[in-house]
Amino acid sequence: MKWNNMQRLLEWICKKCAPKCDIPVAFKDGVLKLSILSLFFLLLGIFMGRVMESPRFLFWTVILSLLFFGKSIWLVHIASSGKYEMIEGTVKETKGNNAAGRFQKIRITKTDGTETELLLGKEIRVQAGMAYRFYFSRQETALSGIKTLDAALNLGSFYGLEKAGDGK
């Protein structure tokens with residue numbers, strides 16, 4: 001699928017779900033991927049359900065597809081209503097990217113000069129010296145005090161990131 005077609009799909013979803021679609025790029029990326037995944041599950045599931053002649057398979061395919069599409073609509077709602085937190089800063093260093101485990105520590109210097117450390121999955125790729133915006137949910141969760149356990153239990157709280165500049 002060409003980028004222009006994907007961009008039009010995202011604009012259509014935004015137009016239908018949110019009156020003003022002024023949402024960050026990180027959310028647009030997630031909405032686009034979830035919508036395409038939903039459509040893929042629906043088409044593949046309908047094809048396979050017809051081939052196998054299984055009404056149950058068709059039913060669960062539609063349910064799964066609707067769940068993914070509902071998640072994309074929910075992301076549009078969160079982004080358009082501003083129900084997220086953003087941390088903007090320059091990445092100072094990343095630790096634990098090559099060590100065993102599922103998480104890496106990303107130390108950033110915020111725009112006001114304070115430093116903070118984020119514990120994110122290893123699939124998140126950032127470059128030291130670059131400025132990024134990190135988007136998280138606003139929900140409060142009970143913390144155990146163990147950083148890796150808290151990060152593992154806090155699934156779905158990280159929405160994405162986008163480059164903010166060169167950080168220098």
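Amide H contacts for Glu85 (H built 1.01 Å from N in the peptide plane; partners 5 or more residues away or on another chain; cut-off under 5 Å): Phe136, Ser137, Arg138. The distance between label points at Lys105 and Ile73 comes to 4.3 nm (points 7 Å beyond Cα on the Cα→Cβ vector).
FRET efficiency for the Val25 to Ser157 pair, using the beta carbon distance and R₀ = 25 Å, is estimated at 0.85. Here the spin labels are modelled as points 7 Å beyond Cα on the Cα-Cβ line, and at Leu37 and Gln7 they lie 2.4 nm apart. Amide H to amide H, with H built 1.01 Å from N, Leu118 comes under 5 Å of Ile106, Arg107, Ile108, counting only residues 5 or more places away or on other chains. Sequentially through the range 31-38, phi angles give Karplus couplings (6.51, -1.76, 1.60; θ = phi - 60°) of 5, 5, 5, 5, 5, 5, 4, 4 Hz, Gly and Pro residues having no value and appearing as x. For the range 64-121, lysine pairs with C-alpha atoms less than 24 angstrom apart, excluding pairs fewer than eight positions apart on the same chain, total 6.
Quick note: the coordinates plus some simple rules give every number you see, no bench work behind them. Here the structure is a predicted model, which is why all the values come from computation and not from measurement. Virtual Cβ from ideal backbone geometry, glycine too; neighbours counted across all protein chains shown.
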